[in-house]
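The structure appears right after this line, and notes come after that.
The values are calculated or read from the model by the stated rules, or taken from the named source; none is laboratory data. None of these values were measured; they are calculated from a predicted model. So basically every Cβ, Gly included, is an ideal-geometry build from the backbone, and we count neighbours across all protein chains shown. Calculation scope for accessible area: heavy atoms of the full protein, side chains included, ligands and nucleic acids excluded. Shrake-Rupley method; radii C 1.70, N 1.55, O 1.52, S 1.80 Å.
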Amino acid sequence: MRLDEARAVIARLRPRIDEFVAARADLAELKADLAAGRPSRHGGLPEAKGLEARLFADLEYFAAAGAQVKGFAPLLLDLPGEHDGEPVLWCWLEGDESIDWYHRLDAGFAGRRRV
């Protein structure tokens, strides 16, 4: 996939990504409250299980859209593509506005380079 196509995938996923990040934060707070034995504004154990299911569904949704999920917190998505005739992964990290990085298939995150 070309860079512009990968960027369009991330743009389409963006609302779901934002919801994922918010739900992940809610789950982290809820688990902390449950572990401390205090009430949580996010509910209880049933709500925690529901949030976990939602997060896993979101990860499957990202994968079905063509993204490889490489990290959960922070969210890290790679999309297969080609740069200068070489197969690469377009790399998007939570907090990035768009895809501005790529890396070779065998180099991973440590091999990230600016587009």
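Once both labels are positioned 7 Å from their Cα atoms along Cα-to-Cβ, the gap between GLU60 and ARG14 label points is 2.7 nm. From the residues ALA36, HIS83, LEU3, which one has its Cα farthest along the dipole of the chain in the positive direction, the dipole being from +1 and -1 charges on Cβ of Lys/Arg and Asp/Glu about the Cα centre? Result: ALA36. In this view, the solvent-accessible surface of PHE72, computed with a 1.4 Å probe and all protein chains in place, comes to about 90 Å². Over the chain, accessible surface divided per residue gives 58 Å², non-protein components excluded, 1.4 Å probe.
Averaging Cα coordinates gives a centre for the stretch 57-115 and one for the stretch 1-20; these two points are 11 Å apart. Taking the 1.4 Å solvent-accessible surface of the chain as the whole, the part contributed by carbon and sulfur is 54%.
Derived scalar couplings between HN and Hα for the stretch 31-37 equal 5, 5, 5, 4, 5, 8, x Hz in order, rounded to whole Hz, by the Karplus curve 6.51 cos²θ - 1.76 cosθ + 1.60 (θ = phi - 60°), x for Gly and Pro.
Helix 45-64 against the longest principal axis of the chain: what's the angle in degrees, Cα atoms only, rounded to the nearest 10? So the helix axis and the longest Cα principal axis differ by about 10 degrees. For TRP101, nonlocal amide neighbours, meaning residues 5 or more places apart or on other chains whose placed amide H falls under 5 Å from its own, are CYS91, VAL115.
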